[in-house]
Amino acid sequence: MEIAEKQVDIKDVTFTSTDGISTIHARIWLPPATLGERPRAIVQIVHGMSEHVRRYDEFARYRSEERRVG
């Protein structure tokens, strides 16, 4: 029997850094919409220069399914 994966919404956002020149890229994994439920926690993942946000996709989806926004 296969377990269905819950739908997690992913939102990519950008903003200008404090130097006014560089652009910061971020990704938000939003938990499945459930009427009347609020997130249990907010988890922030910060990676190094040689890594990429997609490396953390599985972990972030898992946390999001537990209603911990990433």
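The values are calculated or read from the model by the stated rules, or taken from the named source; none is laboratory data. None of the values given here were measured: they were computed from a predicted structure. When the accessible area is computed, the model is the full protein with side chains, heavy atoms only, and any ligands, DNA or RNA have been set aside. Shrake-Rupley method; radii C 1.70, N 1.55, O 1.52, S 1.80 Å.
Structural remarks
- Heavy-atom accessible area order for Val13, Val46, largest first, 1.4 Å probe: Val46, Val13
- These residues, Ser22, Ser64, Ser17, go from largest to smallest accessible area, 1.4 Å probe, as Ser22, Ser17, Ser64.
- Global form of region 14-63, assessed from the alpha-carbon gyration tensor, a/c cut-off 1.5: oblate
- Other-chain or far-sequence residues with amide H under 5 Å of Leu30's (modelled H): Asp9, Ile10, Lys11
- Accessible-area value, Phe15, 1.4 Å probe, nucleic acids and ligands omitted, Å²: 110 Å²
- Full extension of the segment from Ile28 to Glu65, taken as 0.36 nm per residue of separation minus the current Cα-Cα distance, would add 12.0 nm.
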